[in-house]
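For reference, the structure is listed below as structure tokens.
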Amino acid sequence: MALSTENKLYISLAVLAVLGGAFVLQSKKEKEEAASYTLSGQAAALPKLELSDDDLKKIDKITLSKPASGDAGAAVDVELTKTGEDWKITKPIEATANQANVKSLLENLKSLKATELIDGTKTNYAKFGVSDDKALHAVFSKGNGVALDLYFGESGGRGQMTRVGGKDGVYAIKGYSSFLYARDVKGWRDMAILKFEDNDVTNVTIDNANGSFAFTYDKGKTTKNEFKKGKDGSAAPIKNYDESKLVDLLRAYKALNADNFADKGKTEADVGLDKPVATIVFTLKDGAKRQVRFGGTSEGSSHWAKVTGSDDIWSVSSWATEWATADEKKFQKSEDKKPDANSPHPGGGMPPGMPGGMPPGHP
């Protein structure tokens, strides 16, 4: 039976569809193979950034720098140097570094991995934020050589835009954590200024404008407390003394960290430490004393302070400062802890004859 013109048309279309599908599949396969060759070639050309534990142990100097900018904030210019097993800040000041923060930075180097070449030229360094005037420049040195030299710029969905020192081009990398690199000097400095065990404390004295306090302490308990109001008052036990208050004071000071430090060149007179507003002294079992003097306000409610044995001037938060500048009320029981003198059962709890809160004879 002869096929109609319409049926011939349908058959032709079907054949074309099959041929077209085969062509698309073949093209797709060829593109995938080409892409795989390209990706493997790109991967081979990407710089190796991640460092091993052995590499990290050899790093003995870190420099971090970034120019100031309106969007990114103040300039960063810090040098960290390793002496023995410990790290120190050697620029812009000389001080003990925060060992945990340096360790976290070095650990991050093991996670860095270049994933893509974004631009193989120098042309777009500024566009991607990796130019000298925009990038955060991090150099990790070992001995007389450089272990890693990186310029970090913009970040986005493709990763952190990065330039590698001595190599043209912009790369996307994964594993970068900006907060580990972009700390200010305060973030790199060890801010611990006082450390002791509260059970090692035997005596605490406080002198301020309200008067003088003296506490004797033994294994979590106050064995003696006195307060002398003003300069001419006589010492007497604190009324309604709350023993938990001294515990809170020791908690505030036994691992005291500063929230900032004074600029180099500041004197005691500049910050009010020549005439302290308060002095607190902790005496330990071995006879050692830890003294903190407080001067004027630094920022907000924090005060400038100086610890015996250190020439540094620190800023200490109000939580610690308020204990040093306290009045007698600070160490007294709060109103809700005082027994009610008008209560028929001032000892608290249930009235006599009402065990469990039920009246006598109640089933």
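The values are calculated or read from the model by the stated rules, or taken from the named source; none is laboratory data. Keep in mind it's a predicted model, so treat the numbers as computed, not measured. Every residue, glycine among them, receives a Cβ derived from its backbone with ideal geometry; neighbour counts consider all protein chains shown. Areas reflect the complete protein model, heavy atoms only, side chains present, ligands, DNA and RNA absent. Shrake-Rupley method; radii C 1.70, N 1.55, O 1.52, S 1.80 Å.
At-a-glance table
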{"read-out": "Added length on full extension, which subtracts the Cα-Cα distance from 0.36 nm per residue, ALA255 to ALA288", "value": "10.2 nm"}
{"read-out": "Flagged links, alpha-carbon separation over 31 Å, of LYS195/LYS329; LYS186/LYS239; LYS219/LYS239", "value": "LYS186/LYS239"}
{"read-out": "The range 153-245 - percent of accessible surface contributed by carbon and sulfur, probe 1.4 Å", "value": "45"}
{"read-out": "Lys, Arg +1 and Asp, Glu -1 on Cβ, resulting dipole of the range 50-99 about Cα centre, debye, nearest 20", "value": "200"}
{"read-out": "Ratio of the Cα radius of gyration of the range 174-236 to 2.2 N^0.38 Å, where N counts its residues", "value": "1.97"}
{"read-out": "Nearby lysines by direct alpha-carbon distance to LYS275 (threshold 19 angstrom, same-chain neighbours under 8 apart not counted)", "value": "LYS231, LYS266, LYS306"}
{"read-out": "Label point distance in nm, ASN199-SER155, each placed 7 Å from Cα along Cα→Cβ", "value": "4.3"}
{"read-out": "15 Å beta-carbon shell around ASN208, net charge (K/R +1, D/E -1)", "value": "+2"}
{"read-out": "Cα-based shape type of the range 118-264, given that a ≥ b ≥ c are square roots of the gyration tensor eigenvalues and the cut on a/c is 1.5", "value": "prolate"}
{"read-out": "Sites THR308 and ALA126 - FRET efficiency at Förster radius 51 Å, r taken between beta-carbons, to 0.05", "value": "0.50"}
{"read-out": "In Hz, Karplus ³J(HN,Hα) per residue of the range 292-297 (6.51, -1.76, 1.60; θ = phi - 60°; x = Gly, Pro)", "value": "10, 9, 10, x, x, 6"}
{"read-out": "Dipole axis of the range 157-266 (+1 Lys, Arg; -1 Asp, Glu on Cβ), positive-most option in PHE227, THR216, PHE196", "value": "PHE196"}
{"read-out": "Close Lys-Lys pairs in the range 99-149, where close means Cα under 20 Å and separation is 8 or more or interchain", "value": "4"}
{"read-out": "Mean accessible surface per residue for the range 230-305, computed with a 1.4 Å probe while every protein chain stays in place, in Å²", "value": "55"}
{"read-out": "Dipole in debye (nearest 20) - the range 169-322, about Cα centre, beta carbon charges: Lys, Arg +1; Asp, Glu -1", "value": "200"}
{"read-out": "LYS224-THR96 FRET efficiency (beta carbon distance; Förster radius 45 Å; 0.05 resolution)", "value": "0.75"}
{"read-out": "Qualifying aspartates and glutamates (Cα of each under 14 Å from Cα of LYS285; at least 8 residues distant if same chain)", "value": "GLU197, ASP198, ASP200, ASP218"}
